[in-house]
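A short worksheet on the structure shown next.
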Amino acid sequence: MEKTIPVVTKSHSYEVRIVTQGLANLLGEIQRVWSPRKVALITDENVGPLYAAKVQQQLSKGGFAVQLITIPAGEASKSWKFLEKIIQQLAAGHFSRHDGVLALGGGVVGDLAGLAASIYLRGIAFIQVPTSLLAQVDSSVGGKTAIDLPTGKNLVGTFYQPDLVLIDPTVLTTLKRRCLVEGYGEVVKCAALVGGNFWQLTGNIENYQAIRQAAAELIEASVRFKAQVVAADETESHQRQLLNFGHTLGHAVEQAAAGRLFHGEAVAIGLYQLSRLFERQHLTAAKTTAQIAARLKAVGLPLSDPQLGTPAFYQAFQHDKKISNQQLTLIYLKQIGQPDFYRRPLNQIITWLQQELLTPGK
């Protein structure tokens, strides 16, 4: 398989290349957009041992000078501490504005490396090579970069588009089951927003093994949708907010769980719980929540968590980065394929959640 999906934005346009065995021909892909230069290859302790040496060898043959930077795996690396370490290593390596950063890993690596690239010397070239399903269908496309703060996820970041996103579906064979499945939470989100053939495709995923078998199709459909949304609204002023479906509740429960939940698992909880609440309000069509639940449960994604409705949950909820003038916009579905905006005062939404979130029938 070889697909090219253009992402056209006001700040910078680029291509997302979905190429089977693309990692084996990484040099050729990089040479499409970059001349030889210094490259900071940023990866983590899980992905690095699998692929870093092969990537470094390829780039070196093409005349690139590669400096490997490895961070610990996990969400905790999205912090000031590791952002500073990366920037210090770029400075110590005398990286210039002509040089570049290549992110090889999942969403944490991409977010952290992208933020470093965006602020070092006020911005140097950047390429994403996502190796997790979550990163391939979501975080590598669209130019969002971020680190977390103790009070909430992704509270410090930039919009900074890469020069290239190279997605190789074959690398998913090395993912552990839980990591593969969590990425599917974002796929279901996109499919529910799009509807049509994409939604029908997810209906064919009856177990986690089927995710790998249909990975290329799922990735392409997700990326095409996200590329359209980003092109219309690069900095999330309106339409791009649709991609937050499930994320407002999901981020809060993820933060409250303190590392126990993966991001895609938290999103799955958010998708289900929010749809359940809006269906109870008769704003979402009947049986929509059941359809979402069936797709999530088929691969083992959670629908609830003990942290829902706890003080830690509401503390994180009140630090959501989308709050503006004490107003919060929730994204919900009128029905599959028909998302809409629900903007209300923050305190009104919190009161509603406190009354409804943990009521019988969840």
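The values are calculated or read from the model by the stated rules, or taken from the named source; none is laboratory data. Predicted model only: the values in this text are computed from it and were never measured. No Cβ is skipped: glycine too gets one built from the backbone with ideal geometry, and neighbour counts run over all protein chains shown. In case anyone asks, the SASA skips ligands and DNA or RNA and just uses the protein heavy atoms, side chains included. Shrake-Rupley method; radii C 1.70, N 1.55, O 1.52, S 1.80 Å.
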Please state which one of Ala215, Ala231, Ala294, Ala286 is over 28 Å from Gln307 (Cβ atoms) and more than 18 Å from the chain's Cα centre (by Cα).
-> Ala286
Among the candidates Gly300, Gly264, Gly309, residue that is at positive phi and in contact (Cβ under 8 Å) with a residue 60 or more places away in the chain | Gly300
Would you check which residues across the range 61-83 are modelled with pLDDT of 95 or more, touching a helix residue (DSSP H, G or I) at 6+ places or on another chain (Cβ under 9 Å) and not aliphatic (A, V, I, L, M) and list them?
-> Lys61, Gly62, Phe64, Gln67, Thr70, Pro72, Ser77, Lys78, Ser79, Phe82
Within the range 194-221, can you find the residues that are over 12 Å from Leu172 (Cβ atoms), open to solvent by less than 20 Å² (accessible area, probe 1.4 Å) and assigned to a loop (DSSP other than H, G, I, E, B)?
-> Gly195, Ile205
Filtering the range 324-333 down to residues that are surrounded by fewer than 19 Cβ atoms within 10 Å (Cβ to Cβ) and either in a helix (DSSP H, G or I) or at pLDDT 95 or above (or both) yields none
Within the bounds of the range 73-85, is there any residue that is within 18 Å of Ile127 (Cβ to Cβ) and among the acidic types (Asp, Glu)?
-> no
By residue number, the members of the range 113-139 that are hydroxyl-bearing (Ser, Thr, Tyr), modelled with pLDDT of 95 or more and within 30 Å of Gln315 (Cβ to Cβ) are Ser118, Ser132
When the residues of the range 248-261 are filtered to those that are touching a residue at least 24 places away in the same chain (Cβ under 8 Å) and closer than 19 Å to Pro339 by Cβ, which remaining residue is nearest to the chain's Cα centre (by Cα)?
-> His251
Sort through Leu218, Leu175, Leu155, Leu201 and tell me the only one that's of a type outside the set (S, T, N, Q), under 25 Å from Tyr332 (Cα atoms) and at pLDDT below 95.
-> Leu155
Taking Ile336 as meeting all but one of (1) open to solvent by 40 Å² or more (accessible area, probe 1.4 Å); (2) of a type in the set (Val, Ile, Thr); (3) modelled with pLDDT of 95 or more, write down the number of the exception.
-> (1)
Is it true that Pro6 is open to solvent by 40 Å² or more (accessible area, probe 1.4 Å) and touching a strand residue (DSSP E or B) at 6+ places or on another chain (Cβ under 6 Å)?
-> yes
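With the requirement that a residue be among the basic types (Lys, Arg), surrounded by fewer than 20 Cβ atoms within 10 Å (Cβ to Cβ) and either over 17 Å from Gly203 (Cβ atoms) or touching a His at 6+ places or on another chain (Cβ under 9 Å) (or both), what does the range 263-310 give you?
The answer is Arg280, and nothing else.
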Within the range 170-193, restricting attention to residues that are of a type outside the set (Ser, Thr, Tyr) and farther than 18 Å from Leu261 by Cβ, which residue is surrounded by the most Cβ atoms within 10 Å (Cβ to Cβ)?
-> Ala191
Within the range 222-242, count every residue that is within 30 Å of Ala76 (Cβ to Cβ) and either part of a loop (DSSP other than H, G, I, E, B) or in contact with a Cys (Cβ under 8 Å, 6 or more places away or on another chain) (or both).
-> 5
Residue check, Arg17 against (1) surrounded by 13 or more Cβ atoms within 10 Å (Cβ to Cβ); (2) part of a loop (DSSP other than H, G, I, E, B), all met but one. Which one?
-> (2)
Scan of the range 121-153 for residues that are of a type in the set (Lys, Arg) and out of contact with any strand residue (DSSP E or B) (no Cβ under 7 Å at 6 or more places or on another chain), ordered by number | Arg122, Lys153
Filter the range 311-323 for residues that are open to solvent by 30 Å² or more (accessible area, probe 1.4 Å) and outside any helix (DSSP H, G or I); the one that is modelled with the highest pLDDT is Gln318
Of (1) touching a Ser or Thr at 6+ places or on another chain (Cβ under 9 Å); (2) outside any helix (DSSP H, G or I); (3) of a type in the set (A, V, I, L, M), Leu283 fails just (1)
When residues of the range 222-246 are limited to those that are aliphatic (A, V, I, L, M) and touching a helix residue (DSSP H, G or I) at 6+ places or on another chain (Cβ under 8 Å), the one most open to solvent (accessible area, probe 1.4 Å) = Ala232
